[in-house]
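Below you'll find the structure, written out as structure tokens, and then a few comments.
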Amino acid sequence: MNTKIDKALEVVKFIENAGGTAHIVGGAVRDSLLNIPVGDVDIASSLTPQEIIDLFPKVIPVGIEHGTVIVRYSSESYEVTTYRTEEGYEDFRHPDQVEFVRTIEEDLARRDFTINAMAMDQKKGIIDPYGGQVDLKKGLIRAVGKAEERFREDPLRIMRALRFASQLGFTLDSSTFKAAGEQACLLEKISVERLAVEFEKLCMGRNSQENLGTIQTLKVHHYLPIFNHYPSLIEIMPMGKLSGFSEIISFYLEKGPFSLAITDWTKDWKLSNRVRRNASILSTALQSYKEDPLPVVLYSLPECLLQSFINVLQAAGQTVDASAIYKAYQTLPIHSRKELSIQAKDLIHMFPERKKGPWIGEYLSDIERAVVSAVIPNENKAIKEWIKKWNPPETD
Ligand code: ATP
Ligand code: MG
């Protein structure tokens, strides 16, 4: 039934046939037990990275010092990591010491939550030393071992607890919740990049609202960029999922009373230029939605941002008919200026007495808008007549 798991078990068998042991671990085990789509399948093994490199024809060495390589097998990629423990997180980034160990049980002990600390063997047997399956049934995020110690070891786990709660619709077990609140201040040590990954996943989760609420309750937002300077921003609740930082930024710009610029967000959260550009396109479209006809708004959006536009509108509390928006997008008379039946050279030809200048671009914008909102058809003749009517040649 689960072809992703079955394919990965071929890699597991391959390793075992070569004399090693191997297991599927982490998120893939959790998600397959929950019967939800499995993302990347990670494998843990007794073999060292070098032994894996020698065993498989195609291996990409991505993190040998942490015991991790990527194995390409039957057109798929698998992260294969040597069973290991971790010690000390002095720099709060990477464990200071990675020690390779012999058994899967020792490896599972380093993992963050019981539901993430299960392994699957080649016969699909589940190894579950911390009661992960019971917690899956109860819908609980529970730290492996003492929550307080585990959060001190790596405070990012506080954010991870909230993002798994959001993604799975789970709640934090009471001692994990308590420790998260008590140790939230340690998040100060965590790099922005690691925080960004978890915050983005939290906002995409089905229970994002509730867990943004928990962020506020536990005062975790005091250690998140932007929110640390504008703590009351966390009170503004998105009414739906936000998929990625472009959407997150345009949502808070739309709803927030603060004069925050997109670049404040991208700088503090260390986000890419692509995120900045997309946030800017979305914010402009949201503004235009208040004053322009829908086709004009949709025309300003690349197709890849249409869903983002819908997401932000919904998060901002607007009732949106997504399928109507998609239909309106598909039935736009044109999707780019290139498709206009008139081009700059036609305009120059029409007004030979005029010097080339910005007026050409301005005319094309006016024509574009008129065609997009169906004031005129996208026909060369009709457009020319419309121009002559509204823009008679100037007599200097
Ligand atoms: P997703 O489907 O979102 O990728 P995942 O469970 O695979 O979920 P990852 O962040 O990819 O999450 O981590 C893979 C596994 O590695 C986790 O399931 C967990 O067992 C372990 N892990 C990851 N980060 C940590 C951490 N900071 N502390 C302890 N264990 C961790
Ligand atoms: Mg993963």
Starting from segment 29-45, keep only residues that are closer than 21 Å to residue 70 by Cβ, then list their pairs with residues that are acidic (Asp, Glu) and away from ligand 2 (no atom under 13 Å from the Cβ) whose Cβ atoms are within a distance under 6 Å, requiring at least 6 positions of separation or different chains.
44/107
Only residues that are of a type in the set (A, V, I, L, M) and over 23 Å from the mean Cα position of the chain (by Cα): list them for segment 280-297, please.
294, 296, 297
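With respect to residue 32, is the statement that it is within 12 Å of ligand 1 (Cβ to nearest atom) and either touching a strand residue (DSSP E or B) at 6+ places or on another chain (Cβ under 7 Å) or small (Gly, Ala, Ser) (or both) true?
On the way: within 12 Å of ligand 1 (Cβ to nearest atom): yes; either touching a strand residue (DSSP E or B) at 6+ places or on another chain (Cβ under 7 Å) or small (Gly, Ala, Ser) (or both): yes.
For residue 32, the condition - within 12 Å of ligand 1 (Cβ to nearest atom) and either touching a strand residue (DSSP E or B) at 6+ places or on another chain (Cβ under 7 Å) or small (Gly, Ala, Ser) (or both) - is met.
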Quickly run through segment 295-310 and pick out the residues that are among the aliphatic types (A, V, I, L, M) and either under 14 Å from residue 250 (Cβ atoms) or surrounded by fewer than 16 Cβ atoms within 10 Å (Cβ to Cβ) (or both).
297, 301, 305, 306, 310
Regarding residue 270, is this residue at positive phi and either among the acidic types (Asp, Glu) or surrounded by fewer than 16 Cβ atoms within 10 Å (Cβ to Cβ) (or both)?
yes
Single match in 156, 162, 172, 140 (criterion: within 14 Å of ligand 1 (Cβ to nearest atom) and over 22 Å from residue 267 (Cα atoms)):
162
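Which residue out of 345, 356 is farther than 22 Å from residue 240 by Cα, more than 27 Å from the chain's Cα centre (by Cα), basic (Lys, Arg) and not in a helix (DSSP H, G or I)? Walk me through it before giving the result.
On the way: 345 fails: not in a helix (DSSP H, G or I).
Sole residue among the options that is farther than 22 Å from residue 240 by Cα, more than 27 Å from the chain's Cα centre (by Cα), basic (Lys, Arg) and not in a helix (DSSP H, G or I): 356.
Any residue at all in segment 60-79 that's near ligand 1 (Cβ under 10 Å from one of its atoms), closer than 30 Å to residue 148 by Cα and not hydrophobic (A, V, I, L, M, F, W, C)? Reasoning before the result, please.
Here is the first cut: in segment 60-79, the ones near ligand 1 (Cβ under 10 Å from one of its atoms) are 79.
Now drop any that are not closer than 30 Å to residue 148 by Cα, which leaves 79.
Checking the rest, the ones that are also not hydrophobic (A, V, I, L, M, F, W, C) come to 79.
Checked segment 60-79: at least one residue is near ligand 1 (Cβ under 10 Å from one of its atoms), closer than 30 Å to residue 148 by Cα and not hydrophobic (A, V, I, L, M, F, W, C).
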Check on residue 326, aromatic (Phe, Trp, Tyr), more than 19 Å from residue 371 (Cβ to Cβ) and touching a helix residue (DSSP H, G or I) at 6+ places or on another chain (Cβ under 9 Å):
yes
Which numbered condition trips up residue 129, out of (1) under 28 Å from the mean Cα position of the chain (by Cα); (2) part of a loop (DSSP other than H, G, I, E, B)?
(1)
Might you let me know whether segment 158-175 holds any residue that is touching a Ser or Thr at 6+ places or on another chain (Cβ under 8 Å), hydroxyl-bearing (Ser, Thr, Tyr) and under 30 Å from residue 5 (Cα atoms)?
yes
List pairs: first residue in segment 294-317 and over 19 Å from residue 374 (Cβ atoms) and modelled with pLDDT of 95 or more, second residue assigned to a helix (DSSP H, G or I) and among the acidic types (Asp, Glu) anywhere in the structure, Cβ distance under 7 angstrom, at least six positions apart or on different chains.
308/247; 311/247; 312/247; 312/254; 316/254
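Answer with yes or no whether residue 220 is closer than 21 Å to residue 269 by Cα and free of Cβ contacts under 8 Å to residues at least 24 places away in the same chain.
Working: closer than 21 Å to residue 269 by Cα: yes; free of Cβ contacts under 8 Å to residues at least 24 places away in the same chain: no.
In short, no.
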How about segment 194-220: which of its residues are within 16 Å of ligand 2 (Cβ to nearest atom) and over 12 Å from the mean Cα position of the chain (by Cα)?
194
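The values are calculated or read from the model by the stated rules, or taken from the named source; none is laboratory data. In this text the structure is predicted, and so the values were computed from the model without any measurement. Ideal geometry is used to build each Cβ from the backbone, glycine not excepted, and the neighbour counts take in all protein chains shown.
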